[in-house]
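Structure record follows, encoded as structure tokens.
Every read-out reported here was derived from the displayed coordinates using simple, explicitly stated rules and does not represent laboratory data. This one's a predicted model, so the numbers in the text were calculated from it and none came from an experiment. Here Cβ is always computed from backbone atoms with ideal geometry, including for glycine, and neighbour counts include all displayed protein chains.
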Amino acid sequence: MNERSRSRPASGGAQLRGRVTDAITAAVRDELAESGYVGMSMEAVARRAGVGKAAIYRRWASKREMVEHIVADLAGRAVPIPDTGSLRGDVSDYVAHATAFRQDMRTTRIIADLGAEAVRNPRLAHSFYAALREPRRAAGAAMLHKAVERGELPVDVDVDLALDCLVGLAYARPQTLTAAGEPVDPYPEPRLVDVVLTALAACHR
């Protein structure tokens, strides 16, 4: 392939296929948020996207494969590795990112529903954990190793246990409901950071 062919813009057909894929992807998200995995059907997705079912099946062979695409798309929201120079600052940044993520209520509903379905669906569970759980733990692990190098955590820290505490408190902590029925975090972030730091310090092997 020469330079001219490599730089050639996408054809009209390719652009159309891309727009159709984007429309289907948006429709899947909406259906998951409203109906959940079990209640969602290929027919409903096709109607919402304004396409025929054949357009969906040309891309994904089943509902599971279609949803796995959505899970991978959610994983595109990379978890940044905090690097403030202190464990407190890093934990504060990590918790702040998790809080911002949790404020997207549509995504939160989708993740909660798929997390429940993953318990019954091993294939979906693998995709779900690879897309969401592993990036969060990888960013947290990098943060913890820096803290060990700075002497802020002991060299015998149990990294797996520390990550369970960090990720669980940052991303999976319960929310409460306001009088209007809106979910909110029950604790101010500085208090949550104090609790996370206490838990990390207790995670010895």
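Loop only by DSSP, 12 or fewer other Cβ within 10 Å of the Cβ. Give me the trypsin sites (Lys or Arg not before Pro) in segment 101-175 that pass, ordered by residue number. Spell out each step's value before the answer.
Numbers: sites: 102, 106, 109, 120, 123, 133, 136, 137, 146, 150; in loops: 120, 150.
Answer by residue number: 120, 150.
Which far-off residues, 5 or more places away or on another chain, put their amide H under 5 Å from the one on residue 84, with H placed in the peptide plane?
90
What whole-number distance in Å separates the alpha-carbon centres of segment 22-61 and segment 184-199?
Between the Cα centres of segment 22-61 and segment 184-199 lies a distance of 38 Å.
Can you work out the Karplus-derived ³J(HN,Hα) for every residue in segment 161-167? Use 6.51 cos²θ - 1.76 cosθ + 1.60 with θ = phi - 60°, whole Hz, and x for glycine or proline.
Here the 3J(HN,Hα) series is 5, 4, 5, 4, 5, 5, 5 Hz.
Let me know the charge dipole size of the chain about its Cα centre in debye, to the nearest 20, where only the beta-carbon of Lys, Arg (+1) and Asp, Glu (-1) is charged.
Working: 28 positive and 26 negative charges, 234 e Å.
For the chain, the charge dipole is close to 1120 debye.
What order do you get for 149, 34 when you list them from fewest to most C-beta neighbours inside 10 Å? Can you show the working numbers first?
On the way: 149 10, 34 13.
In increasing order of surrounding Cβ atoms, one gets 149, 34.
If Lys and Arg each add +1 and Asp and Glu each add -1, what is the summed charge of the other residues whose beta carbon sits under 12 Å from the beta carbon of residue 198? Write down the numbers at each step before the final one.
Values: positive: 88, 191; negative: 194.
Every neighbour counted, the sum reads +1.
Calculate, axis by axis, the spread of Cα positions in segment 75-201 along the three principal axes, and write the results as whole Å, longest axis first.
That gives 41, 39, 22 Å along the principal axes, largest extent first.
Could the peptides 43-52, 86-95, 21-30 be put in order, highest first, of the mean number of other beta-carbon atoms found within 10 Å of their residues?
Numbers: 43-52: 16.1, 86-95: 20.0, 21-30: 17.8.
Going from most to least packed, we get 86-95, 21-30, 43-52.
Toward the positive end of the charge dipole of the chain, about the Cα centre and with charges on Cβ (Lys, Arg +1; Asp, Glu -1), which of 55, 33, 122 goes farthest?
In the chain, that residue is 55.
Determine the shape class of segment 86-131: with a ≥ b ≥ c the square roots of the Cα gyration tensor eigenvalues, call it rounded for a/c under 1.5, and otherwise prolate if a/b is greater than b/c, oblate otherwise.
oblate
Shape verdict for segment 24-91, please, from the Cα gyration tensor: rounded (a/c under 1.5), prolate (a/b greater than b/c) or oblate.
Working: a/c = 3.75, a/b = 2.93, b/c = 1.28.
Judged from the Cα gyration tensor, segment 24-91 comes out prolate (a/c at least 1.5, a/b above b/c).
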